[in-house]
Amino acid sequence: MTSETTPPKRRTVRAATRKTRRLYIVLAGMTMLGLAAGLSLFAMRDSLVFFYTPSDIVGKEMKPGQRVRLGGLVAQGSVEKDGTTVRFVVTDYAAELPVTYTGILPDLFSEGQGVVAEGSMLPDGTMKATSVLAKHDENYMPKEVAEKLKESGRWQEGGEQ
Amino acid sequence: MMHRFANPTRFMRVANVILPWTAGLTLLFLAAGLYQALFASPADYQQGETVRIMYIHVPAAYMAMMIYASMAVASATSLIWKHPLADMIARASAPIGAVFTFLCLLSGSLWGQPMWGTWWVWDARLTSVLILFFLYLGYIALLNAFDDPARGAKPAAILALVGAVNLPIIKFSVDWWNTLHQPASLAKMDGPAIDPSMLWPLIFMAVGFTLFYISVGILRLRGEIAGARIRNLRLGMTHG
């Protein structure tokens, strides 16, 4: 009478191995996929960045007229306004790059603030921007708290951008 | 334990008891969260009143990713263990996730214009979230591309799993590459960079959105289960 009890038992065992196999296929598939995605993103890392820092550009000997997106902090005391034309210096504390821009600036634009300027390089190594975007940091707080932090000297200007 | 609740009928019995509670709590949390976000919380030192967009944008972004993650887990469960309920959970979640992703993109765009000075840029964070939105739409389209809804389940589940690769890319895009989007404020090693007066409304909104997802999810699951039952009855009639 054992022949009557074995078939269902064997079926459950087979079902279990099929499930295990499917589990391994899914796990292996996801691992390969993650690896492939990781490698391709790593290979494309230069084109995935939204902007270059002044150090990236100053070291690179850019051709005049080459289009570039520059990101960094507006250097303290560097903003000069002349009508609608603004001159300022973008810095990452390692290198600096002067920028000229004619047009409307975003409200957040100020010295010490993060900016992303898009434009082309001029022969003298400065940049002529056609658009300026403001970047804000990851800190959120009411004005009173910000002032208290500044008073107590625990304020980091610009912070990590 | 898992098998006990994997039975759709038994699951729905529990879900129907939970539903009035989650629905009520959704209203409570969203009302309290919106009041705090729009009236009681302070303006930001830098962004002023515009910061209030954050209370919609950040929870919507969290929901977009959380719902996709649960869809991917449900899809894996459906592929490996063939639980019919897992498949239904993934199906029921997709449109809710798509709407939250759209809300995230829309509120982000409305926030970007006054703060950054642009509605949209193709930086890594914004682009990867747009891809997430298309993944949701692709999943829904694939599910409905077959005359027999049961046949769409497997390819859609595979798409949901493949798309899950995008989730860590969204999360870490602001750390791996230069982006216009600022780095993470909440998930930081040294604690959130948000003042408690602004963090609480944000948490209330996130809890409210999550409860909303659970409530609408239960309603949609009810529909999915009823739909499957009707199809089975029809099949029974034509064959029997």
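The values are calculated or read from the model by the stated rules, or taken from the named source; none is laboratory data. In this text the structure is predicted, and so the values were computed from the model without any measurement. Don't worry about glycine lacking a Cβ; one is built from the backbone with ideal geometry, like all the others, and counts go over all protein chains shown.
Summary table
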item: Filter result for B:Trp122 (outside any helix (DSSP H, G or I), within 11 Å of chain A (Cβ to nearest Cβ) and of a type in the set (Phe, Trp, Tyr)); result: yes
item: Enumeration of residues in the stretch B:125-137 that are farther than 29 Å from A:Leu73 by Cβ and touching a residue at least 24 places away in the same chain (Cβ under 8 Å); result: B:Ile131, B:Leu132, B:Phe133, B:Leu135, B:Tyr136, B:Leu137
item: Hits in the stretch B:143-197 (condition: free of Cβ contacts under 8 Å to residues at least 12 places away in the same chain, more than 11 Å from chain A (Cβ to nearest Cβ) and surrounded by 15 or more Cβ atoms within 10 Å (Cβ to Cβ)); result: B:Gly152
item: Condition met for B:Ile140 (touching a residue at least 12 places away in the same chain (Cβ under 8 Å), in contact with a Phe, Trp or Tyr (Cβ under 6 Å, 6 or more places away or on another chain) and either over 17 Å from B:Ile53 (Cβ atoms) or within 14 Å of chain A (Cβ to nearest Cβ) (or both)); result: no
item: So A:Asp107, is it more than 19 Å from the chain's Cα centre (by Cα) and either surrounded by fewer than 17 Cβ atoms within 10 Å (Cβ to Cβ) or touching a residue at least 24 places away in the same chain (Cβ under 8 Å) (or both); result: yes
item: Residue within the stretch A:79-99 that is within 23 Å of the chain's Cα centre (by Cα), more than 10 Å from chain B (Cβ to nearest Cβ) and within 22 Å of B:Gly108 (Cα to Cα) present; result: no
item: Verdict on A:Val68 being within 14 Å of chain B (Cβ to nearest Cβ), closer than 17 Å to A:Ala129 by Cα and in a strand (DSSP E or B); result: yes
item: Hits in the stretch B:87-115 - residues which are of a type in the set (A, V, I, L, M) and more than 13 Å from chain A (Cβ to nearest Cβ); result: B:Met88, B:Ile89, B:Ala90, B:Ala92, B:Ala94, B:Ile96, B:Ala98, B:Val99, B:Leu103, B:Leu105, B:Leu106, B:Leu110
item: Conditions (1) away from chain A (no Cβ under 14 Å); (2) within 25 Å of A:Gln113 (Cβ to Cβ); (3) modelled with pLDDT under 95: number failed by B:Ile56; result: (3)
item: Residue match in the stretch A:140-150 (condition: in a loop (DSSP other than H, G, I, E, B) and either in contact (Cβ under 8 Å) with a residue 12 or more places away in the chain or among the basic types (Lys, Arg) (or both)); result: no
item: Pick from the stretch A:118-139, criterion under 13 Å from A:Val86 (Cα atoms) and crowded, with 18+ Cβ neighbours inside 10 Å, ranking: nearest to the other protein chains (Cβ to nearest Cβ); result: A:Val132
